Structures are given as structure tokens and as C-alpha cells.
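Every read-out reported here was derived from the displayed coordinates using simple, explicitly stated rules and does not represent laboratory data. It should be emphasised that the depicted structure is a prediction, and the values quoted were computed from it without experimental measurement. Quick reminder, even Gly has a Cβ in these numbers, built from the backbone with ideal geometry, and neighbours come from all protein chains shown.
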Amino acid sequence: MAIQGPIPVSFDQVFPHGCYVVGEVEQVKDFDASSKGRTVYAKDKNTGELVWQVAVMDADPTVKAGQKTVSVKILSPVQPVVPAALPGLPFVPVEFDGMTATAYVNQNTGRLAWSIRATAMRPPRTAATPAKTSAGKDIAA
């Protein structure tokens, strides 16, 4: 099989309606390497980067309520910072760069699930302004 390891995906493929931070950024513990009184934090097997996670709510109105909140793992040597809140919004909108998806079987349900990873978290890009043609007419960017 040609697919090996995580599958590169774009933010728009995973969250076409956007997503919002609904939790704190936390460092992921390596439960296999940790022992009583000694916590070991997870590192990515391929890059050696520390692994952090943040809960986000998918803004897709068609997603079932029980599936709206997902955890995105971020590979970074330092704790990622949640973007500044926007006035009038109860949650912080966010986008991720360098995203990958890895399929696995959920042990509790026996169903296919996805582990989502990213290399960076940032504020959403604003809507692109239309580009101008040489005649001065707007075209889609």
C-alpha cells in the first residue's frame, strides 16, 4: 500500500466551516513511559517535537452534537499560544497549519476514528480581497 503514516490534509478539508478553541493548550503525557511520581511528556516519533493538545469545536452545523468537539495535537518545542479573543464572540476562532490525519480504530466503539495533528496554531486568515485584472475588474483570487 502506498499510504504510509499520517496523511497530509489542509485546514479547509478538516474544518470547512472553521473551528473554535474550547479548552486549554495542554502538554500530552506519555502514559507508557511515566511512572508513579515521574511524569514523562510525549514526543512525536518522527520529529522528536513535544506534543500539545487543544480541544476545538467544529463549526460545521451538520456535525452531530457528540462529535462537535475534537482534540487537535500540535507538535511544537514550546507551548502554543491561543490567538487573542475577538470582541463579541464567546469562543476563539483558530486555524491550524501543517495538518495531518491518521486513521485508527477506536477501542471503545470499534469504529474508525482520526487523530488530527498540526505544526502550528494561528488566528484565522481574513477573507481575501479580490485581485484586480489589468482592466481594473475584480476577479476571484
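Model label sites at GLU26 and ARG111, defined 7 Å from Cα along the beta-carbon direction, differ in position by 2.3 nm. Extension gain for GLN13-ALA85 works out to 23.5 nm (0.36 nm per residue, less the C-alpha to C-alpha distance). Neighbours of GLN53, meaning other residues whose beta-carbon lies under 9 angstrom from its beta-carbon, give a summed charge of 0 when Lys and Arg score +1 and Asp and Glu score -1.
Basic side chains Lys and Arg get +1 at the Cβ, acidic Asp and Glu get -1 at the Cβ, and with that the dipole of region 1-82 about its Cα centre reaches some 300 debye.
In the chain, the calculated helix contribution to ellipticity at 222 nm averages -500 deg cm²/dmol per residue, counting -39,500 (n - 2.57) for every DSSP H run with n ≥ 4. Considering only ALA85, LEU75, SER10, and ranking their Cα positions along the charge dipole of region 2-88 that arises from unit charges at the beta-carbon of Lys, Arg, Asp and Glu, the one farthest toward the positive end is LEU75. Note on region 7-139: Lys pairs 8 or more places apart or on different chains, Cα atoms under 23 Å apart, count 6.
When the chain is treated as a GNM with alpha-carbon contacts under 10 Å, the residue of LEU50, LEU86, LEU75 showing the greatest mean-square fluctuation is LEU86. Taking the number of Cβ atoms within 10 Å of each Cβ as an exposure proxy, the fewest-first ranking of TYR41, TYR20, TYR104 is TYR104, TYR41, TYR20. Note on the chain: with a GNM built from Cα contacts shorter than 10 Å, the maximum mean-square fluctuation among VAL21, VAL40, VAL56 falls on VAL40. Charged neighbours of LEU75, selected by a Cβ distance under 12 Å, balance to +1 (K, R count +1; D, E count -1). Largest mean-square fluctuation among SER35, SER76, SER115, in a Gaussian network model of the chain whose springs join Cα atoms under 10 Å apart, belongs to SER35.
Among residues other than VAL94 with Cβ under 12 Å from its Cβ, the summed charge is -1 (Lys and Arg +1, Asp and Glu -1).
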